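The values are calculated or read from the model by the stated rules, or taken from the named source; none is laboratory data. The structure displayed is predicted, hence computed values, not measured ones. Quick reminder, even Gly has a Cβ in these numbers, built from the backbone with ideal geometry, and neighbours come from all protein chains shown.
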Amino acid sequence: MQNTVIDIQPFLQNNMVTARPLLQTDFENLYRAASDPLIWEQHPNKYRWQLKDFENYFTGAMQSGGALLVSDAETKEVIGSSRYSDYKSDTNTISIGYTFFKRSHWGKGYNYALKWLMLDHIFPYVDTVTFYIGAVNRRSQISIERLGAIKTGEAETAYFGEPAKLDYIYSITKEKWQILSK
């Protein structure tokens, strides 16, 4: 897809979530959503609920150019974040990740609703989407498998300003998404 501009900070919405480009002015509201230690217990950095570690997470999100602020579509409450990252033109692949949600929105379809929007948005531009999920983050692994992604590898990944940790790599292709999303 030469000369195609990929919008990795779109405005997305369905009946459950709204996602919009993350702004510097969102720090306080997003930190409020992220400040629960139990949110991070299975993530690569278990301390992102602490201000210093969250500042690093937020800086990485802003520098990524693909970070989204996620709100509950009904209440407008900030409930988390996700992002597009690591576009690779040689394989026409992009990653979706760094996702977290407030615990009040776990197990109720919000993550699924967001990922559905993100996949639907990005597949006109790419052939494959990858998800790097911490090897100990079984909750996220199950969630992404329910969307149709399959485990395709493992890698030591160093997240922005953090030490490398083992991730499982999950992938879903455009062809598979077209079948699943009908």
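Structure notes:
- All positions within segment 90-116 that are part of a strand (DSSP E or B) and closer than 17 Å to residue 75 by Cβ: 101
- Scanning segment 1-54 for residues that are surrounded by 14 or more Cβ atoms within 10 Å (Cβ to Cβ), in a loop (DSSP other than H, G, I, E, B) and polar (S, T, N, Q) turns up 9, 35, 42, 45, 50.
- Applying the set (1) modelled with pLDDT under 95; (2) out of contact with any Leu (no Cβ under 9 Å at 6 or more places or on another chain); (3) under 16 Å from residue 139 (Cβ atoms) to residue 60 leaves exactly one unmet item: (3).
- First in segment 8-31 and free of Cβ contacts under 8 Å to residues at least 24 places away in the same chain, second anywhere and in a strand (DSSP E or B), Cβ under 7 Å, 6 or more apart: 11/20
- All of (1) without any contact (Cβ under 8 Å) to a residue 40 or more places away in the chain; (2) within 20 Å of residue 16 (Cβ to Cβ) hold for residue 116 with one exception: (1).
- Conditions (1) modelled with pLDDT under 90; (2) within 17 Å of residue 81 (Cβ to Cβ); (3) not charged (D, E, K, R); number of the one not met by residue 121: (1)
- Flag if residue 131 is at pLDDT 95 or above and farther than 22 Å from residue 150 by Cβ: no
- Across segment 62-98, the qualifying residues are those that are hydrophobic (A, V, I, L, M, F, W, C), touching a residue at least 60 places away in the same chain (Cβ under 8 Å) and crowded, with 19+ Cβ neighbours inside 10 Å, and the one among them that is farthest from residue 158 (Cα to Cα) is 79.
- Residues of segment 28-48 that turn out to be under 19 Å from residue 72 (Cβ atoms) and under 17 Å from the mean Cα position of the chain (by Cα), as a count: 5
- Those residues of segment 44-79 which are in contact with a strand residue (DSSP E or B) (Cβ under 9 Å, 6 or more places away or on another chain) and of a type in the set (S, T, N, Q), in sequence order: 45, 64, 71
- Condition met for residue 80 (modelled with pLDDT under 95, part of a strand (DSSP E or B) and closer than 18 Å to residue 133 by Cβ): no
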